[in-house]
1. Just for region 16-40: of the residues that are among the small types (Gly, Ala, Ser) and open to solvent by 20 Å² or more (accessible area, probe 1.4 Å), which one is modelled with the highest pLDDT?
2. In region 41-58, which residues are of a type in the set (A, V, I, L, M, F, W, C) and either open to solvent by 30 Å² or more (accessible area, probe 1.4 Å) or modelled with pLDDT under 80 (or both)?
3. Provide a single number: the residues in region 194-212 that are surrounded by 11 or more Cβ atoms within 10 Å (Cβ to Cβ) and either under 25 Å from the mean Cα position of the chain (by Cα) or not polar (S, T, N, Q) (or both).
4. Quick test for you: out of 318, 286, 263, pick the one residue that is open to solvent by 10 Å² or more (accessible area, probe 1.4 Å), in contact (Cβ under 8 Å) with a residue 60 or more places away in the chain and closer than 30 Å to residue 240 by Cβ.
5. Taking residue 35 as the residue in question, decide whether it is in a helix (DSSP H, G or I), among the polar types (S, T, N, Q) and closer than 28 Å to residue 206 by Cβ.
6. Check residue 299 against each of (1) over 21 Å from residue 132 (Cα atoms); (2) in contact (Cβ under 8 Å) with a residue 24 or more places away in the chain; (3) more than 18 Å from the chain's Cα centre (by Cα) and name the one condition it does not meet.
7. Just a yes or no: is a residue in region 172-182 part of a loop (DSSP other than H, G, I, E, B) and touching a helix residue (DSSP H, G or I) at 6+ places or on another chain (Cβ under 9 Å)?
8. Could you name every one of the helices (runs of 4 or more DSSP H) located completely within region 65-141 that has at least 3 residues being at pLDDT below 75 and in contact with a Ser or Thr (Cβ under 7 Å, 6 or more places away or on another chain)?
Amino acid sequence: MKKQWALVWILSGLSMLGAFSIDAYLPSFGDIGRSLHVDREHVQQTLSVYLFTFAFMMLFYGTLSDTFGRRRVILWAVGGYVAGSAGAMCAPSFHWLLGFRALQGLSAGAGSVVGRAVIRGLFPGRVGQKVMSYVTMVFSLAPAVAPVVGGWLQVWYGWRAVFAFLALASLAMWVAAWKLLPESLAAEDRAPLHLKSMILGYVRVAGHADFLLQSLGIALGFAGFSLYISTGSDFVMHVLHLPETAFAWLFIPIITGMSAGSALSARLAMKFPPTRLIWTAYAVMASAMIGNLLYANLCTPSIPWAVLPGMVYMFGLALGSPAMTLRTMDLFPKAKGLAASLQGFVQMLLFALVSAIVAPFV
């Protein structure tokens, strides 16, 4: 049990880096625009570039970890994230900030992609689903904590302090991973890195109808989360007319829903088949969506009612996502890293498209 919890905290922390990169600087959009002399649409590009590079690199982390080992890939990637955060903190212009955000995106996905392979490699069967639920539960703190921390850093010190915080936090996670993260893939089980075999592997996995449909199922669920995140700055400050330090009104309900859904998923993992949890999760998300549409069309958005549908939606997503994630990976037991990469790529690509296209339109 101690081993499980050590991995939960390490892998959750590594996954949080990606979420913190999205949420922590949302309260700073206005200040970044004023400081670097660009409009709000340009500042939005720093989020879109981060998400697209995040999604792109997710294609390769799993394969790289299948060849070089899980631990080594995570350590190199987190080191790159530290450099990207420090660079963003010191960026002299908007284009430099955009470039360092791209470096953050290229580096941030290792924790979530390789972490799934670590969990599935160390904890087979429903035990893995249980551990994955705990990771999701701890990870779900990030969307609530990040904008609150970012808001206060913005008020006290300005937007550069947010990236300084990300640099220090990622450095601490690198040290923790270096000291405590075990290698879960033995040297004799690693696959040689050949371009032709890698391409054929991607084609084989991506062409598997069940894998593609299940990955899209997970990605569509997280696309709703993407819309909450990407429009969070506008929703809090321009729709609800709250200050930069009030992002907790949006994100605490979301974190509450995610934590409750993950905790219940962990408790039910050994009692109910994954299919039943997945159907229940989609029913909850559909109910939240219908309720949100009705409220938005019939009432003027106000606290707390405007944020409750998001809490219910995230409860449903967290309830079903561990079972959906591991069930999809189990389709390719000898290529878990590659499957995790493609699964993460589909998820983050849709996340990025929603952020870049749907969010500005809304």
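The values are calculated or read from the model by the stated rules, or taken from the named source; none is laboratory data. The structure displayed is predicted, hence computed values, not measured ones. Cβ sites come from the backbone with ideal geometry, for glycine too, and all protein chains shown count toward neighbours. SASA here: full protein model, heavy atoms, side chains in, ligands and nucleic acids out. Shrake-Rupley method; radii C 1.70, N 1.55, O 1.52, S 1.80 Å.
1. Of region 16-40, the ones among the small types (Gly, Ala, Ser) are 18-19, 21, 24, 28, 30, 33, 35.
Those still in the list that are open to solvent by 20 Å² or more (accessible area, probe 1.4 Å) too: 30, 35.
On the way: 30: 81, 35: 86.
Here the residue is 35.
2. In the first step, residues of region 41-58 are kept if they are of a type in the set (A, V, I, L, M, F, W, C); the result is 43, 47, 49, 51-52, 54-58.
Residues satisfying the conditions are 49, 52, 55, 56, 57, 58.
3. Within region 194-212, the first condition is being surrounded by 11 or more Cβ atoms within 10 Å (Cβ to Cβ), and the residues that meet it are 194, 197-198, 200-202, 204-206, 208, 211-212.
Right, trim to either under 25 Å from the mean Cα position of the chain (by Cα) or not polar (S, T, N, Q) (or both) and you get 194, 198, 200-202, 204-206, 208, 211-212.
Of the residues in that region, 11 qualify.
4. On the way: 318 fails: open to solvent by 10 Å² or more (accessible area, probe 1.4 Å); 286 fails: in contact (Cβ under 8 Å) with a residue 60 or more places away in the chain.
Matching residue, one of 318, 286, 263: 263.
5. Values: in a helix (DSSP H, G or I): yes; among the polar types (S, T, N, Q): yes; closer than 28 Å to residue 206 by Cβ: no.
For residue 35, the condition - in a helix (DSSP H, G or I), among the polar types (S, T, N, Q) and closer than 28 Å to residue 206 by Cβ - is not met.
6. (2)
7. yes
8. Working: elements: 70-89, 94-108, 110-122, 125-139.
Answer list for region 65-141: 110-122, 125-139.
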